[in-house]
Amino acid sequence: MSDRPLDRIRLEGLSFHCVIGINDWERVAKQVVEIDLTLYADLSPAAESDDISDTVNYRTISQKVRDFVEGSSFGLVERLADGVARICLEDEMVRRVDVSLRKPGALRLGRSVGLDITRTRDGQ
């Protein structure tokens, strides 16, 4: 890999339904979670070739994330966000991923609860 900065692909406003939470009432029905992803990769080969095989296929990643999230049943949003990051890093071109996850309505006093995590291929 070159020394040039990595390019970014952003997937914003992904919305899924899953069982998430530690309270009994949260375990009964699926709730909405909203996810934004930033995928870091070298996109220069695709810019030159105009070939999908030279880039990150964000449609495939978003479908894998959807399948994972909607089939999950975690207590903590931290675990869910980490699992989403791991799926994104399965793509060999993705070197780093930022996951922003929000759970609307988790607090009566606020619009949502959320977190941001970053994971890298090399674990740093």
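Computed log10 I(q)/I(0) for the chain at 0.16, 0.18, 0.22 Å⁻¹: -0.76, -0.91, -1.24, from the Debye equation with unit scatterers placed on every C-alpha and solvent omitted. For a label point 7 Å from the Cα of Leu76 along Cα→C-beta, name the residues of segment 12-31 whose backbone N is under 19 Å from it. Answer for segment 12-31: 19-24, 26-27.
Please return the longest range in the chain lying between exposed loop sites, taking GluC sites (Glu not before Pro), DSSP loop only, at most 15 other beta-carbon atoms within 10 Å, and leaving the sites out. All intermediate terms of the calculation are to be shown ahead of the outcome.
On the way: sites that count: Glu90, Glu92.
Counting at most 15 other Cβ atoms within 10 Å as exposed, the longest clean stretch of the chain is 1-89.
If the segment from Asp36 to Leu14 were pulled out straight at 0.36 nm per residue, it would be longer than the present Cα-Cα gap by 7.3 nm. Maximal additional length on extending the Glu92-Asp67 stretch stands at 7.1 nm, based on 0.36 nm per residue less the C-alpha distance. For segment 1-74, trypsin sites (Lys or Arg not before Pro) are listed when DSSP marks them as loop and at most 16 other Cβ atoms sit within 10 Å of their Cβ; the list is Lys30.
Cut-off is 10 Å between beta-carbons; in what order do Ser53, Ser73, Ser100 appear when sorted fewest neighbours first? Working shown, then result.
Details: Ser53 8, Ser73 11, Ser100 15.
Exposure proxy ranking, most exposed first: Ser53, Ser73, Ser100.
Readers should treat all values here as calculations from the given coordinates under stated rules, not as data from a laboratory. Note that this is a predicted model, so its numbers are computed, not measured. Neighbour counts are summed over all protein chains in view; Cβ atoms, including those assigned to glycine, are modelled from backbone coordinates with ideal geometry.
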